[in-house]
Amino acid sequence: MGKPSMMMMGSRMSTDVDAAGGRAVGSRIRMHGRVLGLAISLEEVVVARQPPLRKSWETVGEPRLLIIARYRMGFEIAPKGTSSRLRVFIEFALPTTPPYSWLGQLFGRTYARWCIDRIATDAATHFR
């Protein structure tokens, strides 16, 4: 999210973390930015972490996003022979008020897939 991307319409988000740096259960992460001139923001909390095997986090309160609303996402890594299996997941709600509810219906699944792909790519890069 910190790098401009096509899915963010060339925008990026700034990230602020607490003293635990997003690396402990209960740690808080705040993100904010602008997309197409509209302010977006969210706060997440880490709800599970067992390095390097799994981590999950979820939004706190009501995020100000355009395509999805509250979410929970994370990953699990499991040994598989001489390699590993990565499972990335996202559970999300769609916005309930127009025009964001329309955007969610049109692009929510695509955006969620992009989020999952970003996590999988980052994990592959990290463990390469």
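So the values come out like this:
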quantity	calculated
Filter pass, residue 90 being part of a loop (DSSP other than H, G, I, E, B), closer than 19 Å to residue 113 by Cβ and under 14 Å from the mean Cα position of the chain (by Cα)	no
Filter result (hydroxyl-bearing (Ser, Thr, Tyr) and either under 16 Å from residue 68 (Cα atoms) or surrounded by 15 or more Cβ atoms within 10 Å (Cβ to Cβ) (or both)) within region 104-128	110, 111
Single match in 42, 66 (criterion: under 14 Å from the mean Cα position of the chain (by Cα), under 20 Å from residue 111 (Cα atoms), assigned to a loop (DSSP other than H, G, I, E, B) and at pLDDT 90 or above)	66
Any chance residue 74 is outside any helix (DSSP H, G or I) and under 22 Å from residue 29 (Cβ atoms)	yes
Scope region 88-107; condition over 17 Å from residue 58 (Cα atoms) and either touching a residue at least 12 places away in the same chain (Cβ under 8 Å) or hydrophobic (A, V, I, L, M, F, W, C) (or both); matching residues	96, 100, 102, 103, 104, 106, 107
Residue among 101, 83 that alone is of a type outside the set (Lys, Arg) and either under 22 Å from residue 32 (Cβ atoms) or surrounded by 12 or more Cβ atoms within 10 Å (Cβ to Cβ) (or both)	101
Inter-residue pairs, beta-carbon under 6 Å, first part of a loop (DSSP other than H, G, I, E, B) and in region 16-35, second surrounded by 15 or more Cβ atoms within 10 Å (Cβ to Cβ) and among the small types (Gly, Ala, Ser), 6+ apart	18/27; 20/27
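The values are calculated or read from the model by the stated rules, or taken from the named source; none is laboratory data. Values in this document were obtained by computation on a predicted structure and should not be read as measured data. Methodologically, a virtual Cβ is constructed for each residue, glycine included, from the backbone with ideal geometry; neighbour enumeration extends over all protein chains shown.
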